[in-house]
Number of protein chains: 4
Amino acid sequence: MASDNKAMVVIGAGAGIGGHAAARFAAGGYHAVLCRRSDEAGLQRLVGQIRDEGGSASGYLLNAAEDGAIEDVLAEVERDIGPVEVVLYNLGAQIGDRSLFDTTHKTFELGWRLATFGLFRVAKALAPGMVDRGSGTILVTSATAAMRGNAGQHSHAAAMGGRRLLCQTLNAELAPKGVHVAHVVVDGAVNSPDTLGKMVGGKWQEFLDAKGEDGIIHPADLAEVYWTLAHQPKNCWTHEMDVRPHSDRPWFNGAGLTL
Amino acid sequence: MASDNKAMVVIGAGAGIGGHAAARFAAGGYHAVLCRRSDEAGLQRLVGQIRDEGGSASGYLLNAAEDGAIEDVLAEVERDIGPVEVVLYNLGAQIGDRSLFDTTHKTFELGWRLATFGLFRVAKALAPGMVDRGSGTILVTSATAAMRGNAGQHSHAAAMGGRRLLCQTLNAELAPKGVHVAHVVVDGAVNSPDTLGKMVGGKWQEFLDAKGEDGIIHPADLAEVYWTLAHQPKNCWTHEMDVRPHSDRPWFNGAGLTL
Amino acid sequence: MASDNKAMVVIGAGAGIGGHAAARFAAGGYHAVLCRRSDEAGLQRLVGQIRDEGGSASGYLLNAAEDGAIEDVLAEVERDIGPVEVVLYNLGAQIGDRSLFDTTHKTFELGWRLATFGLFRVAKALAPGMVDRGSGTILVTSATAAMRGNAGQHSHAAAMGGRRLLCQTLNAELAPKGVHVAHVVVDGAVNSPDTLGKMVGGKWQEFLDAKGEDGIIHPADLAEVYWTLAHQPKNCWTHEMDVRPHSDRPWFNGAGLTL
Amino acid sequence: MASDNKAMVVIGAGAGIGGHAAARFAAGGYHAVLCRRSDEAGLQRLVGQIRDEGGSASGYLLNAAEDGAIEDVLAEVERDIGPVEVVLYNLGAQIGDRSLFDTTHKTFELGWRLATFGLFRVAKALAPGMVDRGSGTILVTSATAAMRGNAGQHSHAAAMGGRRLLCQTLNAELAPKGVHVAHVVVDGAVNSPDTLGKMVGGKWQEFLDAKGEDGIIHPADLAEVYWTLAHQPKNCWTHEMDVRPHSDRPWFNGAGLTL
């Protein structure tokens, strides 16, 4: 692979948002790097689809909760492929609603480790290079739980809410140096078979049918939002925006789906 | 003019955001309708520029604070040109910072009349048709003052803050019916000679030079944001987003410019 | 009446929050001034109850939507009774949920006139004296609708949201001069026969029974909150706080009652 | 000590907020339990002062970052003294502003461990008993950094912002069961020699003089706020409130002190 390639890395690349974002950036000329925790076959399928479309892509299995794992992959990418121009942090802390009693110390910590600490580690690993080059974009897939806590979301909301303010600190320090941090509040269900699909389980098709064509976010359309954000001119950057299906109520109006 | 034209109306069309938004939508095939309070010559210049580029456009002088004025123009547009598919409400309540003592009842009311009531009137006039057609977009240029009040902004912040929540009520009622309401928080200075330029006055060029190329929002780039919002697919709508130059601090970090 | 009395004025003094606040401050040594739009008999009953308890009180019928009405009463109070040390602005813009179609221009304006403009007028009338004396408190009864717009609240949310930011501008200007502005988000139902009681109508007792003893805000307890706020030392002022029954969900968790 | 005593526990009891809160609740009849990480002599001085005033108090050295330490102390208190009716979580994650480069993984984690995870552990340890008894109060001393991130606050803002949303999840689950969670945004400097005093260092007296009598929060006055919150009737609970000196600008107006 040519070392002058600009890379776009997705941390959390399943068949939903992550995979579609990788494909979108590959179609736009980036080398897409897809990272996910497990399912080598699924990973290679996504990489293969991008290559079949004429794009450039690689895949890594990566446990973001493990010390050094994120840092090693990012270093390898920057050495072997090229500078990471765009990273999409696409991991949440979604472990399903559970009461305080049912939320162990370990579960609470895991949410933080995946949703908050992981982004901090990515920023720490990539920001120096981005600042040196005077450009770079850190995209963060966020959720309703970053805006307010609700019953059963002890780990999830603490991790996502902390991450939202981390994005604000990163933005305050990095934006003047040319690095764009964007926090995208995905305030509705996404057609993502590998995450929401698994949570919903056997009734997934029924769920999709009930939502209807316009009632669930298409990851390809969300990928377009990420593409646009990563290419905003420096005079007109967005730090935070929400997206939801037109038929969903926003979180501040009492969303039905409390993800 | 062909009555099957889809119209895009700008309320508050000066040489800055409004004019550029009109030009962008005209370039994309809309008939652009530019409305402003005064300066017939300036208005015709903007209309002429759009036509010179091969676009379709009309201009109206319109005092949004006057009873019936908005409603009459919108009715005329829908009768003579075509359905208003997109409207950009681009009027603020900016009257310059002034103390409570220096804010008369009349000034306070004028801010509300322009920034809050005017949008309500536009929505009331256009929403029935948009709902009937199952589509339409109401774009609102907002400002820092919609997010928090600050000293000297008694009229401005009350009007803009009320408008922000009005946008939320409109969205709650209209989005499920296919009408997209988007509130864009312009949290930084815009290169707009007819508004900010006049406020800054004689030192305008000096002001621009100090800001630098990337330090002030280009209205053409903001117009692109509006275009993108108006064409988001229904499964992935944005209700609120911020924009600012990368070198500006966000409002929640204490922006220097308190517009 | 002794002209050295310190006065506490309630704008919007029914048998609920307003009446109880007046009684609480009268019990604490203030001369309570109760203002309401109508029902002279009800007004005199409240005044009489305070006097029966040994307190000092007066009553005024006052249409806050009318030019000069607020200003005249406040001037009369300051001339005949004494400086207004505390004012409670207790008027909302609650006209019941209604669609955009059913919200006339007049209704929309009335909401603003009562909830936003009225507070501005009170502040403009009282702030100069309070600043001169270096002390004074402006208490504002607010509601869920000041925090976010929801369907059917076009007038209400625009007026209350604008008022919230007006409170912030007033605070920014007046707090350093010794005048305390406090915005109290009453995010739950209040046991107020004259307002909520009338909205609920014939099933009021049934409504109260369903809520239970701890499930509805007692105006006497809310009055205690106001008393505490008005007597916070200058080193430790609260600008905003919420109150709700322990059994109610907060607005950001999807309140059942959308007042 | 009588085992029927009701206990009030302070996690983070220095000579500022924590010590004064302990003294206030002891004066009101609670057995105050003061916990802090180090300085046995300072701890015993605070305990001694409370006893000298006729109050009941105990002290524990406690490293909240250590596994099991919080849980052990709380179990001991409930066994030897009595049920913990009120707990004040008074630890922050304040490590001084530092750039992303200067914030190590370890520092970032420590902030979370002290400010977020520690509160979760306290809630997990105490909530079952409080829910059984149908009463209890969890008070949380919060800060500006819980409301928005700012440059240099990567660890602090992520930890405090996460904690704020954790408080909301705790409230959503526990309030209906009779447990009151209150998040107090201390948005200004506090006269606390053991924390802010040490950060300011040698110029502490100069700092105090510059602030003036009303320009810095007195911990005794803040302790009164905590007392009031812990005794609100169930029909009228506050989940969040801000406090600041009247002369300070709120965080949303660009606070001078970015703690």
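The values are calculated or read from the model by the stated rules, or taken from the named source; none is laboratory data. Note that the structure is predicted; figures quoted are calculated from it, not measured. All Cβ positions, glycine included, derive from the backbone under ideal geometry; neighbour counts span all protein chains shown.
Here residue D:151 meets each of (1) closer than 21 Å to residue D:108 by Cβ; (2) crowded, with 24+ Cβ neighbours inside 10 Å; (3) within 10 Å of chain A (Cβ to nearest Cβ); (4) in contact (Cβ under 8 Å) with a residue 24 or more places away in the chain with one exception, condition (2).
With (1) over 17 Å from residue B:10 (Cβ atoms); (2) touching a strand residue (DSSP E or B) at 6+ places or on another chain (Cβ under 6 Å) as the list, and residue B:99 as the residue in question, which single condition is left unmet? Of (1) over 17 Å from residue B:10 (Cβ atoms); (2) touching a strand residue (DSSP E or B) at 6+ places or on another chain (Cβ under 6 Å), only one is false for residue B:99: (2).
Restricting the first member to the range B:107-129 and to residues that are more than 10 Å from chain C (Cβ to nearest Cβ), and the second to residues that are of a type in the set (D, E, K, R) and assigned to a helix (DSSP H, G or I), the beta-carbon pairs closer than 7 Å and six or more apart or on different chains are B:125/B:71; B:129/B:78. Considering the range B:65-98, the residues that are among the charged types (D, E, K, R) and assigned to a loop (DSSP other than H, G, I, E, B) include one that is surrounded by the most Cβ atoms within 10 Å (Cβ to Cβ), namely B:97. Test residue C:248 against the stated conditions and say whether it is within 30 Å of residue D:211 (Cα to Cα) and within 14 Å of chain A (Cβ to nearest Cβ). Here the answer is no, as residue C:248 does not meet what is asked.
How many residues does the range A:59-75 contain that are in contact (Cβ under 8 Å) with a residue 12 or more places away in the chain and of a type in the set (Asp, Glu)?
Initially, the range A:59-75 is screened for residues in contact (Cβ under 8 Å) with a residue 12 or more places away in the chain, giving A:59-65, A:70-71, A:73-75.
If we keep only those that are of a type in the set (Asp, Glu) as well, we get A:71.
Number satisfying all stated conditions: 1.
Being surrounded by 18 or more Cβ atoms within 10 Å (Cβ to Cβ) and either at pLDDT 95 or above or not aliphatic (A, V, I, L, M) (or both) is a property that holds for residue D:159. Take the conditions of a type in the set (Ser, Thr, Tyr), in a strand (DSSP E or B), at pLDDT 95 or above and crowded, with 22+ Cβ neighbours inside 10 Å and apply them to residue A:142. Does it pass? When the stated conditions are applied, residue A:142 passes them. Residues in the range B:208-233 that are touching a Gly at 6+ places or on another chain (Cβ under 9 Å) and without any contact (Cβ under 8 Å) to a residue 12 or more places away in the chain: B:231 alone. Across the range B:162-197, the qualifying residues are those that are hydrophobic (A, V, I, L, M, F, W, C) and part of a helix (DSSP H, G or I), and the one among them that is modelled with the lowest pLDDT is B:196. Can you name the residue in the range B:38-58 that is of a type in the set (S, T, N, Q) and assigned to a helix (DSSP H, G or I) and is also nearest to residue B:28 (Cα to Cα) among such residues? Among residues in the range B:38-58 that are of a type in the set (S, T, N, Q) and assigned to a helix (DSSP H, G or I), the one nearest to residue B:28 (Cα to Cα) is B:49.
Residue-wise test of (1) without any contact (Cβ under 8 Å) to a residue 24 or more places away in the chain; (2) crowded, with 23+ Cβ neighbours inside 10 Å; (3) farther than 22 Å from residue D:116 by Cβ; (4) not aliphatic (A, V, I, L, M).
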{"site": "D:12", "(1), (2), (3), (4)": "no, yes, no, yes"}
{"site": "D:25", "(1), (2), (3), (4)": "no, yes, yes, yes"}
{"site": "D:36", "(1), (2), (3), (4)": "no, yes, no, yes"}
{"site": "D:44", "(1), (2), (3), (4)": "yes, no, yes, yes"}
{"site": "D:55", "(1), (2), (3), (4)": "no, no, yes, yes"}
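Among residues of the range B:85-99 that are away from chain C (no Cβ under 14 Å), those with a beta-carbon under 6 Å from a residue that is in a loop (DSSP other than H, G, I, E, B) at least six positions away or on a different chain give the pairs B:85/B:6; B:90/B:12; B:91/B:12; B:91/B:64. Test residue B:224 against the stated conditions and say whether it is more than 15 Å from the chain's Cα centre (by Cα) and among the acidic types (Asp, Glu). Against the criterion (more than 15 Å from the chain's Cα centre (by Cα) and among the acidic types (Asp, Glu)), residue B:224 does not qualify.
The set of residues in the range D:99-112 being surrounded by 14 or more Cβ atoms within 10 Å (Cβ to Cβ) and over 22 Å from residue D:67 (Cβ atoms) consists of D:100, D:103.
Selection within the range C:198-215: residues that are part of a loop (DSSP other than H, G, I, E, B) and buried (at least 16 other Cβ atoms within 10 Å of the Cβ). The member of this set that is nearest to the other protein chains (Cβ to nearest Cβ) is C:214. The single condition among (1) within 14 Å of chain C (Cβ to nearest Cβ); (2) under 15 Å from the mean Cα position of the chain (by Cα) that residue B:139 does not satisfy is (1).
Residue by residue, here is whether (1) out of contact with any helix residue (DSSP H, G or I) (no Cβ under 7 Å at 6 or more places or on another chain); (2) closer than 18 Å to residue B:162 by Cβ holds:
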residue	(1), (2)
B:65	no, yes
B:69	yes, no
B:72	yes, no
B:76	yes, no
B:79	yes, no
B:82	yes, no
B:86	no, no
B:92	no, yes
B:104	yes, no
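May I ask you to list the residues in the range B:172-189 that are farther than 16 Å from residue B:127 by Cα and in contact with a Leu (Cβ under 6 Å, 6 or more places away or on another chain)? Once the filter is applied, which keeps residues that are farther than 16 Å from residue B:127 by Cα and in contact with a Leu (Cβ under 6 Å, 6 or more places away or on another chain), the range B:172-189 yields only B:189.
Could you please let me know if residue C:219 is in contact with a helix residue (DSSP H, G or I) (Cβ under 9 Å, 6 or more places away or on another chain), on the phi < 0 side of the Ramachandran plot and within 7 Å of another protein chain (Cβ to nearest Cβ)?
no
Suppose we filter B:179, B:185, B:225, B:243 for residues that are under 22 Å from residue C:163 (Cα atoms) and either surrounded by 18 or more Cβ atoms within 10 Å (Cβ to Cβ) or of a type in the set (Phe, Trp, Tyr) (or both); which single one remains? It would help to see each step written out before you state the result.
Working: B:179 fails: under 22 Å from residue C:163 (Cα atoms); B:225 fails: under 22 Å from residue C:163 (Cα atoms); B:243 fails: under 22 Å from residue C:163 (Cα atoms).
Residue meeting the stated conditions: B:185.
Whenever a residue of the range C:184-207 is over 19 Å from residue C:241 (Cβ atoms) and in contact (Cβ under 8 Å) with a residue 60 or more places away in the chain, its partners that are part of a strand (DSSP E or B) and of a type outside the set (Gly, Ala, Ser), lying with C-beta atoms within less than 7 angstrom and at least six residues away or across chains, give the pairs C:191/C:217; C:196/C:190.
Taking the numbered list (1) farther than 30 Å from residue B:223 by Cβ; (2) under 19 Å from the mean Cα position of the chain (by Cα) in turn, residue A:202 passes all entries but (2).
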